[in-house]
Amino acid sequence: MSTTGGSAIRGSRVGAGPMGEEDRGHKVQKIFRTYYCVMGHQHTLAFAADILPEDIRSENDCPNCGLPAGLDSKNPPQTAKHEPYKTHLAYVKERRTDAEAKQLLEEAVATVKEKRLAAVAAAQAAEKAEKANAKKTTSKK
Ligand SMILES: [Zn+2]
């Protein structure tokens, strides 16, 4: 009986597909894969333990620099074919000319000024209302 039980467990393990041996004993079965980018960063992704080996991606974008990262630490994906990582500002500068940027900045500043003026006006109105209320209450006495 114990022999058949053992083989049943073996059979189910084979049927469930390969599992990372190092991950056995985790509460939630997961497979971890570490990706290395050409800049020397590394990051780890967790996959469900029953994922098919072909579903584990061979490359993932590095969260540090955006370059593609691969599973081989000694041979990270080369970036020659890929667009170099650009900062958000670089993308913005690509889309907008300096004149447009200046105009946008002026608009943004104007909006902030408007909001501040509105806040000041609201505060002054509230103060007036308070004083008016105070007068009313004093005059009633
Ligand atoms: Zn990186």
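Read-outs throughout are calculated quantities, based only on the coordinates presented, and are distinct from any laboratory measurement. Note that the structure is predicted; figures quoted are calculated from it, not measured. In this analysis, Cβ positions are derived from the backbone assuming ideal geometry, glycine residues included, and neighbour counts consider all displayed protein chains.
Suppose we take every Cα in region 27-70 and form the convex hull; what volume per residue is that in Å³?
Per-residue hull volume (Cα only) is 61 Å³.
Give me the one-decimal nm value for the distance between modelled label points at LEU117 and LYS30, 7 Å along each residue's Cα-to-Cβ direction.
5.3
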